[in-house]
Protein chains: 2
Amino acid sequence: MAPVANPRIVFVERPTSGLPVAGKHFVLDTSRTIDIENVPLNGGYLTKTLVLSPEPAMRERMRDPSVPSYTTTYTLGAPIVAFAVVVVVRSEKESVKVGEYMYGQTPWEAYTVQPYTEGRITFKPEEWAPGTFDMDSLALQVVPDPKGTYPLSTYTNIMGTPGLTAFVGMEGIIEGKEGETLFVSSGASGVGSLVIQLAKMKGMRIIASAGSDAKVEYMRSLGVDVPFNYNKESYESVLSKHGPIHTFWDNIGAEALDAALDASVAHGRFAICGTVATDNVPLEERYRLKNVFQIMKKRLTVRGFIVPDFIPQFGARFFQEVPALVAQGKLRSKETIIGEKWEDVPNGIIKMMSSGYGHAGKPVIVVGSA
Amino acid sequence: MAPVANPRIVFVERPTSGLPVAGKHFVLDTSRTIDIENVPLNGGYLTKTLVLSPEPAMRERMRDPSVPSYTTTYTLGAPIVAFAVVVVVRSEKESVKVGEYMYGQTPWEAYTVQPYTEGRITFKPEEWAPGTFDMDSLALQVVPDPKGTYPLSTYTNIMGTPGLTAFVGMEGIIEGKEGETLFVSSGASGVGSLVIQLAKMKGMRIIASAGSDAKVEYMRSLGVDVPFNYNKESYESVLSKHGPIHTFWDNIGAEALDAALDASVAHGRFAICGTVATDNVPLEERYRLKNVFQIMKKRLTVRGFIVPDFIPQFGARFFQEVPALVAQGKLRSKETIIGEKWEDVPNGIIKMMSSGYGHAGKPVIVVGSA
């Protein structure tokens, strides 16, 4: 078989602030080919990429390496590394078999000889900013063949990092108690929708926000007591009417967090999981919070986290409990396909980041089939 | 003996926002007398007030009862209830003996038949805002006679609630580790100065701020590595030069907290103990924070607290450890007398609140002697 095209998404320029530009900061590179049958594996294995999962952390990895944050940064000229579902095409590694599905961080290209090195090669731990976490350590892992029970894309959502994030944050920070009220911002997102379903199973009352009516309906279908569209009703007005809240799961920051600080009871618990409202807004133009003093007045605990912070404590239980609940139909995962070829990827990334995206369900890009 | 004057400080009007006004919101009432020898005790005891301790929580108790916060509110027309050192003059209660000293919450008047009821009588728990704590439950307790080893005013400072606050917050939130850097705002205050000394004993490096050069010198004498005057150098500039910080003890809020969010390492721990920078600023005019997103990016834990939150866990150890350290001269307590008669009290309260007060040491008003 002759070599085939091996399209990839290459990171070429760091966005300084604001939304990145597809074709400028990252581009589709179609210049490469790969000989699937003969490319040397050197004891590794060859994967074909099937489903890409654009996620907010990608924006964080595009930043200047001198700015401290929770991840390492992308390497200029190397492919973007992010979450995806892949299938094993060839293998020289005993623990990885042809035909197996894997989920985790991988370069965004059609075929990859794993373990990949390009884009990692400059990741020297000693050069990382203090406290930086190497997202690449969330590497590919074999996942069960769903055999049609659920779509492969579920691995990018409830069965993947978004689901793991929701699960460990609920256990570690929210500690949902029956009868308590939880507010979830971005409740129709992958993380938000599992937070809602887990909270519902614990008997919590739920207020949740999203940016479109379709998302509001989706949240209602998940059992949210007070779903609302923040483009139509302000966080402040809804929370003052339907609060107070005992706990807050924040994927947004800014106005949502400010309103929640005001609406919390004493000893409220806040899980700060994301800041997507301001990630693409220049620092000087970001919303400034007025209710931070309530952390003291109400003796709140406000805790930022990412998945690895809680994996040692709760990771194993996620893998024991969540797949079974999905198989039993007790947890739902909804993904929306926002692209079906490599040409769709650059704009798909922007779509995910720009929040103008109004469909319910976690956005995925399907770039191949097994 | 004929009845003697029994001056008291009466709360007469709620300040809506901004600094209260002495003579308007609370007044000195000299109309009452008391017959010390014959006043009926009804099984209680009579105390003479010696040292008053003006504290920021008093401002909180002056607010409208409909605004939720961590305390109940003062009753209009009743005396202000706050911390003081008293001596027992007569007693019909077996556990309280004449000549004993007591420290805790008491009405601010020259003589009181204890347990007092006026000013408490409308404190119905069922009417409190959710999560409100009855500060009055920090009632008078017998304290050892210092016999000249240290001044009685020490009970209002390191040996009292400020010291207890510092001790339990250090144990419960800061968990000081050797070699870590701690930033303390308002480091020359009663709370701040004990935080510094306890942190020093744990081998921490300390950055601390205060509003006058006299306070900076006092902090230096306590062993602070980087003491600074925030009126001369900005929080931002000092922390960016001498940071990063691992933990933050905040008595201030506003700019101090904002700069600390920016200067923290990943997984930093923030103990939010006070917000005196904005307590007397109308809500609309308060400083708005720009760096709250760092709670997520740096996975910080930011926790507000007041003393009772940690008493069950750490209260007993405070009473075991701190008095002994004071007696051994290993902990220092510094108080500054800002008034020596009842006429000085209304302005003394304002002085404490207005932060223009530039002397080092916890402000106290000595209104009587044993």
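The values are calculated or read from the model by the stated rules, or taken from the named source; none is laboratory data. Computed from a prediction, not measured in an experiment: that's the story for all the values here. Every residue, glycine as well, gets a Cβ built from its backbone with ideal geometry; the counts of neighbours run over all protein chains shown.
A few remarks follow.
- The single condition among (1) over 24 Å from residue B:271 (Cβ atoms); (2) aliphatic (A, V, I, L, M); (3) at the interface with chain B (Cβ under 8 Å from one of its Cβ atoms) that residue A:307 does not satisfy is (3).
- Only a single criterion out of (1) more than 10 Å from every other protein chain (Cβ to nearest Cβ); (2) outside any helix (DSSP H, G or I); (3) touching a helix residue (DSSP H, G or I) at 6+ places or on another chain (Cβ under 7 Å); (4) of a type outside the set (S, T, N, Q) is not satisfied by residue B:314, namely (2).
- Criterion: surrounded by 21 or more Cβ atoms within 10 Å (Cβ to Cβ), hydrophobic (A, V, I, L, M, F, W, C) and not in a strand (DSSP E or B) - qualifying residue of B:1, B:58: B:58
- For residue A:222, the test of being touching a strand residue (DSSP E or B) at 6+ places or on another chain (Cβ under 9 Å), within 30 Å of residue A:145 (Cβ to Cβ) and of a type outside the set (Lys, Arg) is passed.
- Of all residues in the range B:333-351, those satisfying the criterion of being crowded, with 18+ Cβ neighbours inside 10 Å and either free of Cβ contacts under 8 Å to residues at least 12 places away in the same chain or closer than 17 Å to residue B:158 by Cβ (or both) are B:333, B:334, B:335.
- Residues located in the range A:245-276, provided they are under 20 Å from residue B:262 (Cβ atoms) and facing chain B (nearest Cβ under 9 Å): A:250, A:253, A:254, A:257, A:258, A:270, A:272, A:274, A:275
- Selected residue (criterion: nearest to the other protein chains (Cβ to nearest Cβ)) from residues of the range A:71-80 that are more than 20 Å from residue A:19 (Cβ to Cβ) and assigned to a loop (DSSP other than H, G, I, E, B): A:72
- Residue in the range B:148-164 that is in the same structural domain as residue B:86 (by TED's automatic domain parsing), free of Cβ contacts under 8 Å to residues at least 40 places away in the same chain and over 18 Å from the mean Cα position of the chain (by Cα) present: yes
- Looking across the range A:282-304, just one residue is more than 7 Å from chain B (Cβ to nearest Cβ), modelled with pLDDT of 95 or more and part of a helix (DSSP H, G or I), and that is A:294.
- Residue in the range B:177-199 that is part of a strand (DSSP E or B), surrounded by fewer than 24 Cβ atoms within 10 Å (Cβ to Cβ) and at negative phi present: yes
- Test for residue B:192: is it closer than 18 Å to residue B:331 by Cα, at pLDDT below 90 and of a type in the set (Gly, Ala, Ser): no
- Against the numbered list (1) at pLDDT 95 or above; (2) surrounded by fewer than 17 Cβ atoms within 10 Å (Cβ to Cβ); (3) of a type outside the set (S, T, N, Q); (4) closer than 23 Å to residue A:352 by Cβ, residue A:18 comes up short only at (1).
- Extreme residue, nearest to residue B:252 (Cα to Cα), among residues of the range B:200-220 that are in a strand (DSSP E or B) and of a type outside the set (Ser, Thr, Tyr): B:210
- Across the range A:33-42, a minimum of one residue is classified as away from chain B (no Cβ under 14 Å) and assigned to a strand (DSSP E or B).
- Residue A:223 being more than 10 Å from chain B (Cβ to nearest Cβ) and part of a loop (DSSP other than H, G, I, E, B): yes
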